[in-house]
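Structure, as structure tokens:
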Amino acid sequence: MYRDIAFALRQLRTNFRFSLIVVLTLALGIGATTAIFSVVSGVLLRALPFPDSERLISLRTIVYPHAEAEGKQASDGTLNSGILDDVSFPDFFDWRQQSQTLEAVASYAYGTTRRFTPSGSELPRQIEAEFVSADFFRVLGVAPILGRSFTLDDEKDESHPIILSHQFWVAEFHSSPDIIGRHITLSDRVATIVGVMPAGFSFPGASEPPGFWATFLRASYSGVGPSGMPQKETISPASQRNDRTVQVIGRLRRGVGLAQARAELNGIQRSLAEQYPEDRNAFGVAVQPLLEYVSGDYRQPLYLLFAAVTAVLLIACANVAGLLLARGFARRHEFGVRVALGARPSHIVRQVLVESTVLACCGGVVGIALAFVVLKTFQGLAPADIPRLAHVQIDGIVLAFAFLVSLLTGVGFGVFPAWSASRSDSSGLWRAGRGISGGRNEHRLRGMLVITETVISLVLLAGSGLLIRSFVETMRVQPGFDPHHVLTLRLGMSGVEYPPDKAALFFRQLYSLLSAIPGVESVSSGYPIPFSYDNTSRFSIAGRPIDLSDMPVSNRVTVAPHYFETLRIPLLRGRTFDQRDDQNAKRVVVVNQEFAREFFPNEDAVGKSIQPDFVEYGQAPTWYEIVGVVAGIRTTNLTEAPKPEFFVVYEQAPFWPHGVILRVSGEPRGYMNSVRSVVAGLNRSLPIFAVATIDELITESTVSTRFETGLLTCFAAAALLLAAVGLYAALSEMVARRTFEIGLRVALGAQQGDVFGLVVRRGLILAAIGLVVGLGGFAIFGRVVADMLYGVRSFDPFTVATACGVLLLVALLASAGPAWRAARLEPTEALREQ
């Protein structure tokens with residue numbers, strides 16, 4: 001073996017050009033595969049960075065449609081169907097109190113911004129915050145590096161205790177060791193710093209840690225704070241159980257399995273459903289490992305990309321196997337000498353396998369270096385919401401994977417050449433001319449490799465075609481309004497400085513000044529802004545019985561006058577809001593046509609009344625009359641049809657809209673300096689954040705699809721190129737081996753066109769066989785990605801025909817070069833080769 005390895009290393013230097021081609025070909029495949037595997041490993045497979053992370057679980061409520069809640073539970077406590085939803089505070093409190101299988105359980109809600117007022121001369125600004133229950137850090141098994149963690153008493157402490165992230169502590173307080181006990185102002189409330197978390201700590205799934213963590217206050221429900229503005233972090237143990245707004249995680253006790261916890265929690269929730277009408281249709285709990293929950297949305301796309309890049313590696317291996325087969329034919333004299341000197345077939349096989357493995361390992365070394373570049377590029381272009389992507393790295397596990405892939409690759413593409421070389425005999429000493437073609441089995445083997453490459457290329461090419469067509473269809477979807485030339489921004493307003501009456505006056509002044517900016521066509525407000533997120537609200541319908549366990553739910557938007565005109569949402573019936581709809585006027589509401597169609601079928605919704613459930617804001621139940629019906633719009637995703645939605649005017653609602661919307665005549669972001677000047681003229685300390693155009697928000701909603709489609713298309717292009725190279729090499733080798741035969745055909749009267757057609761026909765036949773076989777593989781691939789498609793069937797005839805046409809064209813071009821060389825052979829030179 002030592003001598004075989006030494007000889008293989010000498011072969012690298014002796015056949016440097018051949019070795020370089022093989023090593024680079026393998027490096028591309030191994031490097032790309034290693035890079036994508038590092039992402040799969042880091043995001044989907046690597047344990048969460050918490051102690052005993054395998055005991056961490058995610059808990060969600062399972063809700064069933066009304067009157068369909070019976071007979072859904074299997075014998076093991078799992079639930080067969082239903083809609084996954086977040087958790088209500090009352091249910092969470094009961095789970096925390098009654099569960100015996102969980103060591104600790106905690107709730108959390110992230111993505112909230114708070115107005116931070118520095119102690120120096122800096123102006124206030126918005127920072128991210130997460131609201132958690134007392135045991136949140138205990139569940140994750142992480143303690144602060146300074147101070148203490150939260151306790152149950154902190155859930156009732158009006159001093160508003162908070163724990164800072166390490167990043168915020170360093171940036172704002174310069175790593176001050178005496179930070180514990182200091183008071184800071186957050187959204188007009190004084191908060192007490194009780195701890196600082198370790199560097200890099202954040203909840204998995206969040207790309208960056210928030211500025212701080214605070215507890216939900218379990219105080220008596222007061223509705224609004226002293227300033228008259230709602231205190232959203234104030235909750236009540238008696239709040240409604242169907243108000244599901246938080247997410248829950250837990251830590252299993254040692255020795256407790258997932259099935260045991262699932263059975264217990266489903267039993268607890270079933271008991272709650274029987275006890276409380278609001279939970280009547282929510283009697284199940286979905287329990288899954290926290291790692292699966294965090295990475296769930298990206299599990300299928302990442303596995304798909306890994307399968308695609310593995311397919312590219314297989315094509316690279318097939319190409320290298322073809323090159324080694326050709327090289328084995330060129331070395332048949334050498335192998336004949338070895339056999340004549342007594343070498344057994346096993347010796348030949350071992351030698352060729354060692355050579356192929358050495359080549360693969362060299363390709364693996366270069367591939368690992370390439371993987372670092374590919375990974376950095378991937379991290380730079382990938383969507384920011386892929387969990388844990390920033391911490392993905394090429395570690396020991398990834399290096400071991402690359403080494404294993406290199407070994408398997410070396411053995412895989414070396415088997416066929418080794419088998420072919422082992423069949424050499426001493427007669428090769430006397431039949432060493434180029435005119436001797438390989439055996440029929442070897443020709444078939446080369447043909448099978450080309451067919452395999454074509455099959456894989458068709459699957460990847462047609463699969464990427466499906467995703468491209470799906471993306472194109474998605475971008476053709478009209479959102480239901482005109483998103484162009486619209487600028488949006490949010491204002492971090494103080495509840496103390498701007499109680500409801502002053503807020504209304506401020507917005508009126510703001511709209512007037514913004515409208516006076518040259519180029520501004522219309523100004524309004526809305527919360528939430530389209531293509532950010534949805535807010536939902538329960539409501540009652542006048543004249544219909546109220547069932548607390550089955551109240552209708554719809555999207556809710558708070559808007560200002562001219563909202564529909566600014567976004568150019570068509571009015572279908574009635575009217576929209578105007579300046580007369582202030583806090584002293586009759587309460588009115590506008591609904592979209594989906595709302596009218598679902599809740600008022602076969603009747604006119606205008607004139608009907610609904611009662612939104614604004615209890616979370618402390619507002620007494622109030623009836624709102626429907627005065628208009630507008631067209632439905634897509635609110636978060638172009639692929640989701642418009643949902644039922646109602647709109648309330650902000651002066652009649654218990655909360656104001658934070659999102660300012662401007663329709664302008666030019667490039668929207670070019671107006672930001674003027675907008676900042678206007679806002680500063682009214683209040684210099686008012687933070688402006690979340691600046692974006694509607695076009696940017698729509699593009700951001702498709703960024704994941706765009707990235708997955710682009711990456712798969714790159715792999716498909718690489719596969720197509722490698723397949724073309726493989727076919728070209730196979731036909732070139734065929735021409736080289738059949739030089740004497742071709743020369744004899746020409747000498748006997750064959751025309752150049754006949755010779756050209758002979759070679760091209762061979763290439764097209766191989767490609768056609770690959771296409772026929774590949775259609776079956778594509779049918780399977782289409783079913784796998786069916787739920788990732790929009791507006792395209794999983795076996796789309798146009799996409800299949802286009803992919804087949806492209807592959808046939810590539811096959812024709814790849815065949816043309818060798819065919820042209822064969823057609824131009826001179827008979828005398830060809831016959832002299834023999």
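For the range 96-164, the solvent-accessible area of protein heavy atoms averages 42 Å² per residue (probe radius 1.4 Å; ligands and nucleic acids excluded).
Annotation: amide H of Gly632 within the under-5 Å range of Gln593, Glu594, sequence separation 5 or more or interchain, hydrogens built in the peptide plane. Between Arg761 and Ser512, the simple spin-label model (points 7 angstrom out along Cα→Cβ) gives 8.8 nm.
Fully extending the segment from Glu334 to Arg254 would add 22.3 nm, taking 0.36 nm per residue of separation and subtracting the current Cα-Cα distance.
Calculated FRET efficiency, Thr192 to Asp547, Cβ-Cβ distance, R0 = 35 Å: about 0.20 to the nearest 0.05. Sparsely packed loop sites in the range 595-700 (the trypsin sites (Lys or Arg not before Pro) outside DSSP H, G, I, E and B with at most 13 other Cβ atoms within 10 Å) comprise Arg684. Couplings 3J(HN,Hα) for the range 277-290, derived from phi with the Karplus relation 6.51 cos²θ - 1.76 cosθ + 1.60 (θ = phi - 60°), are x, 5, 9, 4, 9, 10, 10, x, 10, 8, 10, 8, x, 4 Hz, where x marks Gly and Pro. The count of lysine pairs in the chain whose Cα atoms are under 29 Å apart, excluding pairs fewer than 8 places apart on the same chain, comes to 9. For the range 109-175 and the range 669-718, what is the separation of their Cα centres, given in Å? Cα centroid to Cα centroid, the span is 28 Å.
With protein chains left intact and a 1.4 Å probe, residues in the range 282-372 average 36 Å² of accessible area per residue.
The stretch between Phe372 and Gln100 holds 93.3 nm of extra length on full extension. This uses 0.36 nm per residue minus the Cα-Cα distance. For the range 708-807, trypsin sites (Lys or Arg not before Pro) meeting the loop criterion (DSSP other than H, G, I, E, B) and having at most 15 other Cβ atoms within 10 Å: Arg793.
Given a Förster distance of 41 Å, report the FRET efficiency between Asp385 and Phe7 from their Cβ-Cβ distance, rounded to the nearest 0.05. The calculated FRET efficiency here is 0.20.
Each Lys and Arg contributes +1 and each Asp and Glu -1, all at the Cβ; summed about the Cα centre of the range 595-735, the dipole is approximately 460 debye.
Length gained on full extension, Phe798 to Asp604, computed as 0.36 nm times the residue gap minus the Cα-Cα distance: 65.5 nm. Taking all protein chains together and rolling a 1.4 Å probe, Cys317 ends up with roughly 20 Å² accessible. Annotation note: GluC sites (Glu not before Pro) in the range 472-567 located in DSSP loop regions with a Cβ neighbour count of at most 16 within 10 Å are Glu497. In order along the range 93-102, phi translates into HN-Hα couplings of 4, 5, 4, 5, 7, 9, 5, 10, 8, 9 Hz, rounded to whole numbers, per the Karplus curve 6.51 cos²θ - 1.76 cosθ + 1.60 with θ = phi - 60° and x for Gly and Pro.
Residues of the range 702-742 falling in the label zone of Met788, defined by backbone nitrogen less than 18 Å from a point 7 Å along Cα to beta-carbon, are 702-720. Could you work out what % of the accessible surface of the chain is carbon and sulfur, using a 1.4 angstrom probe and leaving DNA, RNA and ligands out of the count? Carbon plus sulfur share of accessible area: 58 percent. Excluding ligands, DNA and RNA, the accessible surface per residue across the range 684-831 is 47 Å² with a 1.4 Å probe.
Based on the reciprocal of the average 1/r between different C-alpha atoms, the Kirkwood radius for the chain equals 31.7 Å. Scalar couplings 3J(HN,Hα) for the range 691-697, obtained by applying the Karplus form with A = 6.51, B = -1.76, C = 1.60 to θ = phi - 60°, are 6, 6, 8, 4, 4, 5, 5 Hz; x denotes Gly and Pro. For a paramagnetic label modelled on His484 (point 7 Å from Cα along Cα→Cβ), amide N atoms under 18 Å away belong, within the range 684-699, to 693-699. Once backbone amide H atoms are built at 1.01 Å from N, Phe212 has Glu130, Ser165 as its partners under 5 Å, excluding neighbours fewer than 5 places away on the same chain. If you model the range 696-750 as an ellipsoid using its alpha carbon gyration tensor, with each semi-axis the square root of five times an eigenvalue, the axes come out at 50, 9, 4 Å, biggest first. In this calculation the C-beta distance from Leu572 to Arg125 is compared with R0 = 51 Å, giving a FRET efficiency of 0.80. Residues whose amide H falls under 5 Å from that of Val246, counting only those 5 or more places apart or on a different chain, are Val87, with hydrogens built in the peptide plane.
Within the range 264-306, which residues have the backbone N less than 13 Å from the label spot 7 Å out from Leu84 along Cα→beta-carbon, could you tell me? Within reach of a label on Leu84, which here means backbone N under 13 Å from a point 7 Å along Cα→Cβ, the range 264-306 contributes 285-300.
The values are calculated or read from the model by the stated rules, or taken from the named source; none is laboratory data. Bear in mind the structure is a predicted one, so any value in this text is a computation, not a measurement. Reconstructed Cβ throughout: ideal geometry from the backbone, glycine too, with neighbour counts over all protein chains shown. Areas reflect the complete protein model, heavy atoms only, side chains present, ligands, DNA and RNA absent. Shrake-Rupley method; radii C 1.70, N 1.55, O 1.52, S 1.80 Å.
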